Amino acid sequence: MSASVPPDALGRRVLCDTHCGTVRYVGSVARIWLGVEWDDPQRGKHDGSYEGTQYFKCRHPKGGSFIRPNKANFGVDFLTAVKDRYGLNDKQDVQYGTENALVFGTKTVEFVGMDSVAEQQRQQLNKLVDISVRECAVSHAGETEEISRTCANMRHINLSKNLISSWETVRAIASQVRNLETLNVSENKMKFPSTSSSISGAFSNLKILALNQTEITWTEVLLCAQEWPALEELYLSSNNITVLERRDTVLQTLKLLDLSDNQLLDGNQLHLIAHLPRLEQLILRNTGISSIHFPDAGFGCKTKMFPSLKRLAINDNKISQWSSINELDKLPSLRSLQCNNNPFMDTEKNPETLIQLIIAKISQLEVLNNCEILPAERRGAELDYRKIFGNDWLKAGGHWNPEKNKPSEEFLAAHPRYPSLCLKYGAPEEGELKGRQPLTLKNQLLTLTIKCPEKPEQKPVEKKLPESMTIQKVKGLLYRLLKIPGSELKLSYESCKLEGKEVELDNDLKPLQFYSIESGDCVLVRW
């Protein structure tokens, strides 16, 4: 074998010019060549065959080619990459200065022999806590214990997009970093253990691990996870994970799981990770799921699945039915949802109405698509939802008399929160459910009573105001009417239908209709 080809070259990752690939063949094709399967198929020429002989196989019909060994960069050890990146490499960055001085990186130190230089290097490297050697062609750990002697204080390591071809290499590096908390080895196409092996302490303190684009499977994740007893965040984006599996002995400390850009077989796969006890954030962006269902809970009940889940991202999927959004109300801890770019969102043309429907359907939601849901916004959404579907409720067997109120199973399946909204705000009255009149100016005017609680001697004033009038303009009107500075006013209102409940009008840019104010309500003015 050629002297420039390592004995373990087969299966290793290589860099040629700017392209990365995996060595699939080492041997003679008229002379010694390396057969490489490229990460970028456009770099290749064939499927690993030459003149009718199949030397190696590629996943892409034109993803492979042969290169001369001297064109292949098999990478460097971890410590060499660190020294190169941080300007501490003996060969490149240590130069002789004056007779008794040495230029070390950017510093000039007294020349007292090479032992002193090595000690200076160790002192510099020992100060590093957060190390990034992304795209530095790291392929192996290097000499045993050299990392622990030189970089003893490392806690956070970025090893992404290098030439690491085996999880064993990652373990060899991590085993020398006793306080390792964060590790990113994304964009390294690696071989992972296929069977259980003895558990090392290499990752005993690891809290955050990124394995995006590493071709790991979920089965391999579970095997490796035995070594991650304290892991809190796991990033597995773009790994072609299609099938999940439940195992209650690993990942019990996990708080965040990112499975985005993996095409899961179906939404039921989620049930297999639904019992992770501490999982607070689940990222399922572009996973191909078309529905979500929690079969253990009925209408208006909470599921036992995902007991701690607070934040869920299901954007860029194929969810087409509102029933999946109804199901999310079953999650007992859900507070934040991202759901943009799903087909169900195309069923409603008005974006504001769409947002209101989602808010009304999920009772505990506080953040929707990265926007905070204000209390007044939730109240308005729930009142509108109660009104919009009131006639459907009546037709389905709903009634103002609790003894006669028996809505059909079909209605409850479509609107599981409707009964709780009726309990919260009262059943919709007949006048509320009459067909809307044409939107003339007369129909858009609200007849409101204006009161000043802090000045009981001042008589209430009745005013007709457009429902589209902003709170800021209302304050300006009241300034002129009551002769007080508009900027200091604090407005709220009491509904004529909900006695004793006072709602703040706290956003100057919102119109009156945003707060679901109706004719007959009373606006309270304070300053």
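The values are calculated or read from the model by the stated rules, or taken from the named source; none is laboratory data. Fair warning: this is a prediction, and the values are worked out from it, not measured in the lab. Here the Cβ is made from the backbone with ideal geometry for all residues, glycine too, and neighbour counts use every protein chain on show. Remember, those area values only see protein heavy atoms, side chains included, never the ligands or the DNA or RNA. Shrake-Rupley method; radii C 1.70, N 1.55, O 1.52, S 1.80 Å.
Could you list all residues from the range 40-62 that are within 24 Å of Q213 (Cα to Cα) and acidic (D, E)?
If the condition is that a residue be within 24 Å of Q213 (Cα to Cα) and acidic (D, E), then D40, D47 are the ones that fit.
Report every pair of residues separated by at least 6 positions or lying on different chains whose Cβ atoms are under 9 Å apart, first residue within the range 445-456 and assigned to a strand (DSSP E or B), second of a type in the set (F, W, Y) and modelled with pLDDT of 85 or more.
L448/Y493
What are the residues in the range 59-71 that are in contact (Cβ under 8 Å) with a residue 60 or more places away in the chain and open to solvent by less than 20 Å² (accessible area, probe 1.4 Å), if any?
The one that is in contact (Cβ under 8 Å) with a residue 60 or more places away in the chain and open to solvent by less than 20 Å² (accessible area, probe 1.4 Å): P69.
Please work out which residue is nearest to N317 (Cα to Cα), limiting yourself to the range 354-367 and to residues that are open to solvent by less than 40 Å² (accessible area, probe 1.4 Å) and touching a residue at least 12 places away in the same chain (Cβ under 8 Å).
Ranking the qualifying residues of the range 354-367, first place goes to I358.
Can you tell me which residue among R85, R134 is surrounded by fewer than 20 Cβ atoms within 10 Å (Cβ to Cβ), in contact with a strand residue (DSSP E or B) (Cβ under 9 Å, 6 or more places away or on another chain), farther than 25 Å from Q226 by Cα and modelled with pLDDT of 95 or more?
Testing whether each residue is surrounded by fewer than 20 Cβ atoms within 10 Å (Cβ to Cβ), in contact with a strand residue (DSSP E or B) (Cβ under 9 Å, 6 or more places away or on another chain), farther than 25 Å from Q226 by Cα and modelled with pLDDT of 95 or more leaves just R134.
At least 3 residues that are more than 18 Å from N268 (Cβ to Cβ) and more than 25 Å from the chain's Cα centre (by Cα) in each: list the helices (runs of 4 or more DSSP H) lying fully within the range 290-400 that qualify.
375-388, 390-395
For (1) more than 42 Å from the chain's Cα centre (by Cα); (2) outside the structural domain of Y385 (by the TED database); (3) charged (D, E, K, R); (4) assigned to a loop (DSSP other than H, G, I, E, B), each residue gets a yes or a no:
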| site | (1), (2), (3), (4) |
| --- | --- |
| K463 | yes, yes, yes, no |
| S468 | no, yes, no, yes |
| K473 | no, yes, yes, no |
| G476 | yes, yes, no, no |
| L491 | no, yes, no, no |
| G500 | no, yes, no, yes |
| V503 | no, yes, no, no |
| D506 | no, yes, yes, yes |
| L509 | no, yes, no, yes |
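When residues of the range 329-347 are filtered for being on the phi > 0 side of the Ramachandran plot and crowded, with 19+ Cβ neighbours inside 10 Å, how many remain?
Selection size over the range 329-347: 0.
Tell me which residues, restricted to the range 471-481, are surrounded by fewer than 17 Cβ atoms within 10 Å (Cβ to Cβ) and out of contact with any helix residue (DSSP H, G or I) (no Cβ under 7 Å at 6 or more places or on another chain).
Q472, K473, L477, R480, L481 - these are the residues of the range 471-481 that are surrounded by fewer than 17 Cβ atoms within 10 Å (Cβ to Cβ) and out of contact with any helix residue (DSSP H, G or I) (no Cβ under 7 Å at 6 or more places or on another chain).
Scan the range 280-289 for residues that are part of a strand (DSSP E or B) and open to solvent by 40 Å² or more (accessible area, probe 1.4 Å) and report the count.
Number of matching residues: 1.
If you go through the range 1-45, how many residues are in a strand (DSSP E or B) and surrounded by fewer than 17 Cβ atoms within 10 Å (Cβ to Cβ)?
Qualifying residue count, the range 1-45: 6.
Filter the range 72-81 down to residues that are at pLDDT 90 or above and assigned to a strand (DSSP E or B) and give me whichever is surrounded by the most Cβ atoms within 10 Å (Cβ to Cβ).
Looking at residues that are at pLDDT 90 or above and assigned to a strand (DSSP E or B), I get V76.
Among the candidates K255, K302, K318, single out the residue that is assigned by the TED database to the domain that holds L211, farther than 30 Å from Q513 by Cβ, open to solvent by 60 Å² or more (accessible area, probe 1.4 Å) and touching a strand residue (DSSP E or B) at 6+ places or on another chain (Cβ under 8 Å).
After applying the criteria, what remains is K255.
Given the options N350, N370, N391, name the one that is over 26 Å from F411 (Cβ atoms) and open to solvent by 10 Å² or more (accessible area, probe 1.4 Å).
After ruling out the rest, the residue left standing is N370.
Looking at the structure I just gave you, is P277 out of contact with any strand residue (DSSP E or B) (no Cβ under 7 Å at 6 or more places or on another chain) and over 22 Å from Q321 (Cβ atoms)?
So P277 passes the test.
Filter the range 314-327 down to residues that are out of contact with any Leu (no Cβ under 6 Å at 6 or more places or on another chain) and among the aliphatic types (A, V, I, L, M) and give me whichever is farthest from R278 (Cα to Cα).
I319
Give the residue, chosen from E377, E382, that is modelled with pLDDT under 95 and either polar (S, T, N, Q) or open to solvent by 20 Å² or more (accessible area, probe 1.4 Å) (or both).
E377
Taking V94 as the residue in question, decide whether it is among the hydrophobic types (A, V, I, L, M, F, W, C) and modelled with pLDDT under 85.
Considered against the rule, which asks whether it is among the hydrophobic types (A, V, I, L, M, F, W, C) and modelled with pLDDT under 85, V94 comes out as yes.
State yes or no: is A174 of a type in the set (A, V, I, L, M), at pLDDT below 95, open to solvent by less than 50 Å² (accessible area, probe 1.4 Å) and over 23 Å from L284 (Cα atoms)?
No; evaluated as a whole, the condition is false for this residue.
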